[in-house]
Amino acid sequence: MHLIPAELFASLSDAGFQVAAGDLGENITTAGLHLERMPLGTLIELGPAAIVELTGLRTPCILIDRFQAGLKREVLSSAETGPPFKCGVLGVVRIGGAVASGDSARVRLPSSPFGALPAL
C-alpha cells in the first residue's frame, strides 16, 4: 500500500507541478502526519478498523518523470537530515477494513529504539 501526505501536493504546486490525489498511484492520502519521518513499523489506523504497518520510503523511479517532466528531481530531498525522498511511504495492510475520504488516521509508534524507514 502506498500512502502520500497531502502536503506534498501543495509543495509540488508551489514548484509549478500539477499533481492531485491519486495521480502518483497512492492508495491513501493523509494530512498532518509527516509520513516520511515516521519510524519503521509504525502502525497507521485508518477509519474505524483498518491498520497499515509502514515498511519503507517510496523510491521515485523514472516513471514519475513520464507523468510530468522534472517531477523526480522535485521529490528528491536536498536536506542533509531527514528522508531522501518526498513521495510517500509504503506499508502492508495488517487489518483490512473500509476507509473513506475524511476518515481519521491515527499513529501508533513501535517500541523504541526507532529505526528509520528504508528506501524501497
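Here, each number is a calculation from the coordinates, and none is a lab measurement. If you're wondering where the values come from, they're calculated on a predicted model, not measured in any experiment. Glycine gets a Cβ as well: all are built from the backbone with ideal geometry, and neighbour counts include every protein chain shown.
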Go through region 4-34 and count every residue that is free of Cβ contacts under 8 Å to residues at least 40 places away in the same chain, assigned to a loop (DSSP other than H, G, I, E, B) and of a type in the set (D, E, K, R).
-> 0
Condition set β-branched (Val, Ile, Thr) and loosely packed, with under 14 Cβ neighbours inside 10 Å, scope region 76-95, selection farthest from GLU53 (Cα to Cα): answer is THR81
Tally time: how many residues in region 1-48 are more than 12 Å from the chain's Cα centre (by Cα), closer than 16 Å to LEU120 by Cβ and buried (at least 17 other Cβ atoms within 10 Å of the Cβ)?
-> 1
Count - residues of region 41-81 that are more than 21 Å from ASP14 (Cα to Cα) and either in contact with an Asp or Glu (Cβ under 9 Å, 6 or more places away or on another chain) or not charged (D, E, K, R) (or both) = 21
Can you spot a residue in region 91-103 that is over 16 Å from LEU8 (Cα atoms), in contact with a Leu (Cβ under 8 Å, 6 or more places away or on another chain) and touching a residue at least 60 places away in the same chain (Cβ under 8 Å)?
-> yes
Kindly list the number of the only condition in (1) surrounded by 14 or more Cβ atoms within 10 Å (Cβ to Cβ); (2) in a loop (DSSP other than H, G, I, E, B); (3) hydrophobic (A, V, I, L, M, F, W, C) that fails for ALA98.
-> (1)
